[in-house]
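Peer 1: Just dropping this structure here.
Taken together, the values in this text are just the output of simple stated rules run on the coordinates, not laboratory data. It should be emphasised that the depicted structure is a prediction, and the values quoted were computed from it without experimental measurement. Here Cβ is always computed from backbone atoms with ideal geometry, including for glycine, and neighbour counts include all displayed protein chains.
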Amino acid sequence: MRLFDRYIAVDWSAANSPTTGPNSIWIAEAHADRRRVEPVNPATRAKAATDLRDRFLEALAAGDRILAGFDFPFGYPAGAANALAGDGDWRALWSWLFEVVDDADDNRSNRFAVANEANAEFDGGVGPFWGNGTKTEYSNLTRKKTRYRYHPIAERRRAEAIARSAQPVWKLAGAGCVGSQAMLGIARLEAMRRDPELGPKLAVWPFETDFDRDLSAPIVLAEIYPSLFDLSPFPDDVKDRAQVRAVVNAFRTADARGALRAMLTRPEGLRPVEEAAILNEEGWIVGVRERPKGAIRPNADYRG
């Protein structure tokens, strides 16, 4: 029996202006009973959020269940929520980002100023965020990685100890960066959670689903890393477009074969302290099945 009726994949973007084509937002949706997948390319995050809201409401009206994957981290390394939001829980971090992030309809955002102010709260103004990609000089946000004292916070989450090519959430600009996408993306998802029509129907994996133990919500939001999937893009296809198509097709195929639950289940061999960190704060990546190898060392200084 299928777990879901529809599958959505979102390739997110932190672009500063309306943008389409490569390195912009792409959304793909696959239905269990349809073969055709036509990704769309909204030019702004505001338009993407409206598109997703419409898709979710239409699915709810049809009685369909959705797995929606987003390609940015849903959490920060353990200890970050308490340091940034004053409470060691993912909800506190999401709420903090919703309150401090300004993301205008034309894609202008204050994410670098937010990171600068967050870093200022650490000893000596030396915090974990880095990568100032603007012309503005910030006193507590460097352009390149330097020595950072992460205090009780690791540079990487446990999931990224396995998916090593995934960039740390602290990197806001530069090749492969994901920090800006996470900051802006989480704020948008928190807005969905606060939406009176959508909020009661949403569950955030694995935080609210306890991995696969409770997938009863009509809409399950999950973190994806498209590089884990075989793209097999059409000739000359935009990579981002190919990625979201590949993810939804992989979800649909796995669900038809009864294999999707395995992608959502708890990784084997997690120690209780690891599982607690993942479910309380860090989150996980769909399809990552291994237990982290080696220690995730908080308190260690990082030298770049």
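Peer 1: Enter the angle in degrees (range 0 to 90, nearest 10) between the Cα long axis of helix 90-100 and the first principal axis of the Cα atoms of the chain, meaning the one along which they spread out most.
Peer 2: Value to nearest ten degrees: 70.
Peer 1: Continuing with this model, one more query. Quick one: grab Rg to one decimal and Dmax as a whole number for the stretch 50-159, Cα atoms only, in Å.
Peer 2: 17.0, 54
Peer 1: May I ask you to sort 144, 239 by Cβ crowding, counting other Cβ atoms within 10 Å and putting the fewest first? Kindly include the intermediate steps, with their values, before the conclusion.
Peer 2: Details: 144 10, 239 13.
In order of increasing Cβ crowding within 10 Å: 144, 239.
Peer 1: Report the label-to-label distance for residue 256 and residue 87 in nanometres (one decimal), using points 7 Å from each Cα along the Cα→Cβ vector.
Peer 2: 4.4
Peer 1: Using label points projected 7 Å from each Cα along Cα→Cβ, tell me how many nm separate residue 208 and residue 106, to one decimal.
Peer 2: Calculated label separation equals 3.4 nm.
Peer 1: Set the Förster distance to 25 Å, then compute FRET efficiency between residue 280 and residue 163 from the Cβ-Cβ distance, nearest 0.05.
Peer 2: Working: r = 20 Å, r/R0 = 0.80.
Efficiency computed from Cβ-Cβ geometry: 0.80.
Peer 1: For an R0 of 41 angstrom, estimate the FRET efficiency from the Cβ-Cβ distance between residue 273 and residue 136 and round to the nearest 0.05. Could the numbers behind the result be given before it?
Peer 2: Details: r = 40 Å, r/R0 = 0.98.
Efficiency at R0 = 41 Å is approximately 0.55.
Peer 1: Of the DSSP beta bridges with both residues in the chain, give the percent that are antiparallel, rounding to the nearest 5. Please report the intermediate quantities before stating the final value.
Peer 2: On the way: 11 of 25 bridges.
For the chain, the DSSP antiparallel bridge percentage is about 45.
Peer 1: Determine, for the chain, the count of lysine pairs separated by eight or more sequence positions (or lying on different chains) whose alpha-carbon distance falls under 20 Å. Could the numbers behind the result be given before it?
Peer 2: On the way: 135/144; 135/145; 135/171; 144/171; 145/171.
Lysine pairs satisfying the spacing and distance rule in the chain number 5.
Peer 1: Further question: Helix-only mean residue ellipticity at 222 nm, the chain, DSSP H runs n ≥ 4 weighted -39,500 (n - 2.57), per residue, nearest 500. What is it? Don't skip to the end; give the middle numbers.
Peer 2: Working: 8 runs with 90 residues, N = 304.
Mean residue ellipticity, 222 nm, calculated: -9000 deg cm²/dmol.
Peer 1: Which angle from 0 to 90°, rounded to the nearest 10, does the C-alpha axis of helix 111-120 make with the longest principal axis of the chain?
Peer 2: 40
Peer 1: Specify, per residue and in Å³, the volume enclosed by the convex hull of the alpha carbon atoms belonging to the chain. Mind showing how you got there, number by number?
Peer 2: Values: hull volume 39.0 nm³, N = 304.
Normalising the Cα hull of the chain by residue number yields 128 Å³.
Peer 1: Take 11, 33, 105, 255 and order them by how many other Cβ atoms sit within 10 Å, fewest up front. Numbers along the way, then the final one.
Peer 2: Working: 11 28, 33 8, 105 12, 255 21.
Lowest count first: 33, 105, 255, 11.
Peer 1: Another one. Between residue 62 and residue 17, what is the FRET efficiency for a Förster distance of 30 Å, r being their Cβ-Cβ separation, to the nearest 0.05?
Peer 2: Working: r = 35 Å, r/R0 = 1.17.
It comes out at approximately 0.30.
Peer 1: Here is a further query. Using DSSP to call loops (not H, G, I, E or B), can you name the chymotrypsin sites (Phe, Trp or Tyr not before Pro) in the stretch 76-117 whose Cβ has at most 16 other Cβ atoms within 10 angstrom?
Peer 2: Values: sites: 90, 94, 96, 98, 112; in loops: none.
Those that pass, being in a loop and sparsely packed, number zero.
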